[in-house]
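Here the structure is laid out as structure tokens; the discussion comes afterwards.
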Amino acid sequence: MRIGELERLTGVPRRLLRYYEEQGLLHPERDSSGYRVYTGEQVALVGRIRELLAAGLNTETIRGLLPCAPDAEPGFIPCSRSLEPLNANLMEMDAQIAALVHRRERLAGLKDATEARLERQRA
């Protein structure tokens, strides 16, 4: 199938499909005219790539994980590169969440102090 059909089947714009190829995530064949030719398995692969991007992984990490994700089944087959990047991303996310919670607490404190001042002015 050509890129237009892959776009239709996956809902992923051609521009992104070409980007996935540039990033080493998709490897279409080329026909005699130079057009990209995709297989049915690549429809599922695009779905997996989208799932991993939605989980917050970058394309470099995804490129390393794809050999551990040979099918559309959730999760990865155990391989030397499957758990380390997942753990690293989870740790980074936890740190970002902690920083956001801290920032939210400070912002809420400023809001509460502002509301208290407003109440004192009204009294």
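The values are calculated or read from the model by the stated rules, or taken from the named source; none is laboratory data. What you see is a predicted model, and the numbers here were worked out from it, not measured in a lab. Cβ: placed from backbone, ideal geometry, glycine included. Neighbour counts: every protein chain shown.
List the number of the failed condition for L66; all other conditions in (1) more than 17 Å from the chain's Cα centre (by Cα); (2) not in a loop (DSSP other than H, G, I, E, B) hold.
All conditions are met except number (1).
Looking at this structure, is R81 more than 14 Å from R2 (Cα to Cα), of a type in the set (K, R) and surrounded by 11 or more Cβ atoms within 10 Å (Cβ to Cβ)?
Here the answer is yes, as R81 does meet what is asked.
Go through T10, T39 for me and flag whichever is in contact with a helix residue (DSSP H, G or I) (Cβ under 8 Å, 6 or more places away or on another chain) and either at negative phi or in the same structural domain as L90 (by TED's automatic domain parsing) (or both).
Every option except T10 fails the conditions.
Scan region 26-42 for residues that are farther than 25 Å from L65 by Cα and not aromatic (F, W, Y) and jot them down.
Across region 26-42, the qualifying residues are D31, S32, S33, G34.
Please go through region 9-47 and pick out each residue that is assigned to a helix (DSSP H, G or I), surrounded by 12 or more Cβ atoms within 10 Å (Cβ to Cβ) and charged (D, E, K, R).
Of everything in region 9-47, those that are assigned to a helix (DSSP H, G or I), surrounded by 12 or more Cβ atoms within 10 Å (Cβ to Cβ) and charged (D, E, K, R) turn out to be R14, R18, E21.
Specify which of the listed residues (R36, R63) is touching a Gly at 6+ places or on another chain (Cβ under 8 Å) and touching a residue at least 12 places away in the same chain (Cβ under 8 Å).
Checking each option against the conditions leaves just R63.
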